[in-house]
1. Quick check on this structure: which one of R104, R145 is in contact (Cβ under 8 Å) with a residue 24 or more places away in the chain, surrounded by fewer than 17 Cβ atoms within 10 Å (Cβ to Cβ) and in the same structural domain as A264 (by TED's automatic domain parsing)?
2. Regarding region 246-255, can at least one residue be identified that is crowded, with 24+ Cβ neighbours inside 10 Å, at pLDDT 90 or above and among the β-branched types (V, I, T)?
3. Kindly list, by first and then second residue, each pair from a residue in region 199-225 that is in the same structural domain as S179 (by TED's automatic domain parsing) and within 17 Å of G242 (Cα to Cα) to a residue that is assigned to a helix (DSSP H, G or I) and of a type in the set (G, A, S), limited to pairs with Cβ atoms under 8 Å and residues at least 6 apart or on different chains.
4. Check region 206-224 and report whether any residue there is crowded, with 20+ Cβ neighbours inside 10 Å and within 22 Å of T277 (Cα to Cα).
5. Do we find that V157 is more than 24 Å from L317 (Cβ to Cβ), of a type in the set (A, V, I, L, M, F, W, C), free of Cβ contacts under 8 Å to residues at least 60 places away in the same chain and surrounded by 15 or more Cβ atoms within 10 Å (Cβ to Cβ) in this structure?
6. Against the definition (outside the structural domain of V291 (by TED's automatic domain parsing), within 25 Å of the chain's Cα centre (by Cα) and small (G, A, S)), how does A54 come out, yes or no?
7. Looking only at region 286-309, decide whether some residue is at pLDDT 95 or above, within 24 Å of G178 (Cβ to Cβ) and charged (D, E, K, R).
8. What is the residue count in region 113-126 for residues that are assigned to a loop (DSSP other than H, G, I, E, B) and crowded, with 17+ Cβ neighbours inside 10 Å?
Amino acid sequence: MTQRRTALVPCALTGLSVLALTAGALMLPGPTAATAATPATPSAVRAEAAAALAARLGDRAAGSYYDTAAHHFVVNLTDPSAAALVRGTGAVPRTVRHSTAQLRSVMATLSRRARIAGTAWAIDPRQDKVVVTVDPTVTGTDRTRLEAVTGALGDKVAVRRAASVFRPLLAGGDAIWGSGVRCSLGFNVTVDGSPYFLTAGHCGNAASSWSDTQGGGETGQTVDSRFPGTDYALVQYDDPGGDEPSAVDLYDGGTQQITHAADAYVGEQVQRSGSTTGVHGGSVTGLDATVNYEEGTVSGLIDTDVCAEPGDSGGALFDGDAAIGLTSGGSGDCSSGGETFFQPVTAALSAEGATLP
C-alpha cells in the first residue's frame, strides 16, 4: 500500500444534498492519557493555563483568547478582584460584562428556540458575546422568528450575515473515493494496533467502502460514522500491516509532520490543507460552535475564518505539528473569503479509542 499524506479533493455526494470534500491524512493521539490535548509549544501551554484558570473562576470569568496584535493571552473577568490571579499565569486580565455561564445560557436558548437551517452560533470571548451568523436562505417567517429570539437576548448577542449558504465541506487530505462520492482522508490513526483513518462523518454516511483512486480497488471500509450531531467517521484500512504516515501535504513539495493532537483556542493561527485549494491559513474565532446545516445540526465545532471549498470535507486543520480538526463545512470560498467549521480531533480520537502511531 502506498503511503498517504493529507490533501484536498473536490467531491459531490450522489443523491444527497451534502457536498463531500476530501481530507488530509495524519496520525492522532488516543483514548488514554495520550488522547488529551498535548501542548507542545509555549503558546499551547499558556493557552491551556489561561483556559484552566477561566474554568476555575466560574462566574467570575468569561473565557480566554490570544490577542494576536498584543501577543499575549487574555482572560475575561466579571470580577476585577481576580485580576492578580490572572497575572500570576502570565495572562492579561480584562473586565467584561457577561460571564461564560450567561453566554452558555444564550447558546441553550438559541438551541431551543432558533434551530433554523442556515444559522450558526459560537461564543466569541473577544466580543464577550454569542455571535449568530445567518446565511441567505434564512428568510420570511424563519427570519422573523430568529430576530425575535436574538432581540430578546439583548447585548449578549451579535448577529452577522454570511455571504453564501452554509454547507458541509471537505478539506486537507489525499483523495478517497466511495460509491458516487469523493472525499479526503483526514488523519491516519491506529486502534488496538491496527491502521485506520479519520474523515468527515457526512462522507462516512455516504459510502461504506473507499479507494485511493477513482474506480480502483478497495482501500478501506467505514466502521463508524457520526453525522449530524458531530461530524467524523472512522475507516479501517484493508491492509492490517500498512504503515501510514503522520503528515500533512503542504502542496509545495513538502509535508508537515504531525506528532500530537491538541485542543484549539480562540485567536490561534491555524492552517488547512486541501486538494481543491491547497494550503490556506487563518485564525480560530470561536469554540463549541453550533451550525444548523440543511442536513441537520452539528455542535461542539471549532469556528474559523479559514476558507474552504467543495472537495475539502474531512480534511486536516493543524497548527505546526499539532492535529486540531477535521473539516465539516461552512460558507464562502477562497477567492472572497469564508467561514469554516471543524470537528475537534481530540473528541473524535477519544470517542473512537484512536491514537497516533
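The values are calculated or read from the model by the stated rules, or taken from the named source; none is laboratory data. Please read these numbers as outputs of a predicted model, since none were measured by experiment. In this analysis, Cβ positions are derived from the backbone assuming ideal geometry, glycine residues included, and neighbour counts consider all displayed protein chains.
1. On the way: R104 fails: in contact (Cβ under 8 Å) with a residue 24 or more places away in the chain.
On inspection, the qualifying residue turns out to be R145.
2. Within region 246-255, not a single residue is crowded, with 24+ Cβ neighbours inside 10 Å, at pLDDT 90 or above and among the β-branched types (V, I, T).
3. Taking only residues 6 or more apart or on different chains, the pairs are T222/G204.
4. So far as region 206-224 goes, no, none of its residues is crowded, with 20+ Cβ neighbours inside 10 Å and within 22 Å of T277 (Cα to Cα).
5. Against the criterion (more than 24 Å from L317 (Cβ to Cβ), of a type in the set (A, V, I, L, M, F, W, C), free of Cβ contacts under 8 Å to residues at least 60 places away in the same chain and surrounded by 15 or more Cβ atoms within 10 Å (Cβ to Cβ)), V157 qualifies.
6. Criteria met by A54.
7. no
8. Within region 113-126, the first condition is being assigned to a loop (DSSP other than H, G, I, E, B), and the residues that meet it are 114-118, 125-126.
Restricting the remaining residues to those that are crowded, with 17+ Cβ neighbours inside 10 Å gives 114, 116-118, 125-126.
Of the residues in that region, 6 qualify.
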